[in-house]
1. Tell me, in nm to one decimal, what length is gained between R163 and E42 on full extension, where the rule is 0.36 nm per residue of separation less the Cα-Cα distance?
2. So how much slack lies between A126 and T95, counting 0.36 nm per residue of separation and subtracting their Cα-Cα distance, in nm?
3. As an exercise, take the mean of 1/r over every pair of distinct alpha carbons in the stretch 279-351, invert it, and state the Kirkwood radius in angstroms.
4. Quick check for me: using +1 on Lys/Arg Cβ and -1 on Asp/Glu Cβ, what's the dipole size of the stretch 137-296 about its Cα centre, in debye to the nearest 20?
5. Among T162, Y221, I208, which residue has its Cα furthest toward the positive end of the charge dipole of the stretch 116-228, with +1 on Lys/Arg Cβ and -1 on Asp/Glu Cβ?
6. Assigning unit charges at the beta carbon (Lys, Arg +1; Asp, Glu -1) and nothing else, what dipole magnitude in debye, to the nearest 20, does the stretch 205-360 show about its Cα centre?
7. If you build a Gaussian network model of the chain, linking Cα atoms that sit under 10 Å apart, which residue out of P252, P222, P182 swings the most?
8. Heavy atoms of the protein only, probe of 1.4 Å, neighbouring chains included. What is the accessible area of K258 in Å², nearest 10?
Amino acid sequence: MKIYHVFGILFLILSCKQNYVTETDESTSRSQARPVVLEEIETTQAPIPIVASGLIGSEAEMNLSFKIGGIISQMRVDEGARVRKGQLLASLRTTEIDAQVVKARQAMEKAERDLQRINNLYADSAATLEQVENLQTALDVAKADFDIASFNQSYSRIVAPTRGRVLKRFSERNELVEPGTPIFRLASDEGRGFVMKIGVADRDVIRIKMNDSAQVYFDAYPGESFKAYVSEIAEAADPMTGTFEIELQVNPGKTILKNGFVGKVELFPTNEEPYIRISLDALVEGAEEWANVYVPDASTQVARQVKVRPKFIGDGFFTVEPEALEGFSQVITQGSAYLQNGDSIRIVTNTGEEVLSARP
């Protein structure tokens, strides 16, 4: 009886020890698993906004100047003034150009008289055909000189070519100006309204299509947005900045906008190709155009390394093609930097609360 009791006690002790070892191994394995946080991923075509900034201005703006140089005699409008088509805005002192017109007219009249006399002589066979042709050429040249002088005289004044408002006045009365020097900057009322021009990189310009929508924000109107759409896309890059100019047509509604307001633009390209958006926290080491991320293998509770190629890197996120993570709906974000392929993991929340399992 005593022998049976001894074997029973030994069996009980061994059984308890075996259970203790199993529980200890599981606890040790559990403590060695690295805690990670998962992020849900899914394929989408939602527009990724392109963020840029630029200056707003009237669509039809023009610099007005004198064709000839001279001293300004009159400046009839100030900045901000509204003008009508044909209104006189400024003029030069025309003493010199008036004299040139008189000189050209008298030369033309003399050439006409000379030609008339030589024609009479030619009719009486007292002059040659060559003499007639030479004086005809002289008359043609004199008429051309008169036309030039008269044309320049007409551009010794600046007349509003359209209805609009004066944005800038660059000169003052009695100033000596060169030909073509801007005197006024005029915004025409015949345009479509306000436009904003922004510069985008080559990777972004290929995503933009005509009539793509945008939202514009101004510091002058905090918390308010203005609808806009793409009206022009440059075909060549600016040689100075290397960016492509995009023109946006802005709808101010009833709000007063001023030329020169600096605005922030969020442009939403249409027809985006399908992509997966992933937090930058998931991105680990990579080379050139490739990088690695980790996904949870739910069947074994380990981390699997996946090689991906980022298509677009934005503010706090990047995108990949759906095929890169086909079959997975989660990716490891927090804790990914400390992982190696095949490491055991345990899923936790941002607050550290443990999650029992992960979905492939």
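1. Details: separation 121, 0.36 × 121 = 43.56 nm, distance 5.43 nm.
Difference between extended and current length: 38.1 nm.
2. Details: separation 31, 0.36 × 31 = 11.16 nm, distance 4.31 nm.
My answer for the length gained is 6.8 nm.
3. Details: mean 1/r = 0.0787 Å⁻¹.
Hydrodynamic radius (Kirkwood, Cα pairs) of the stretch 279-351 is 12.7 Å.
4. Values: 18 positive and 25 negative charges, 223 e Å.
My answer is approximately 1080 debye.
5. Towards the positive end, the residue furthest out is Y221.
6. Working: 13 positive and 23 negative charges, 72 e Å.
So the magnitude is around 340 debye.
7. Comparing P252, P222, P182 in a Gaussian network model of the chain, the most mobile one is P222.
8. About 120 Å², rounded to the nearest 10.
The values are calculated or read from the model by the stated rules, or taken from the named source; none is laboratory data. Note that the coordinates shown come from a computational prediction; the quantities given were computed from them, not determined experimentally. Glycine also receives a Cβ, built like all others from the backbone with ideal geometry; neighbour counts cover every protein chain displayed. Each accessible area value is taken on the protein alone, full model and side chains, heavy atoms only, with ligands, DNA and RNA left out. Shrake-Rupley method; radii C 1.70, N 1.55, O 1.52, S 1.80 Å.
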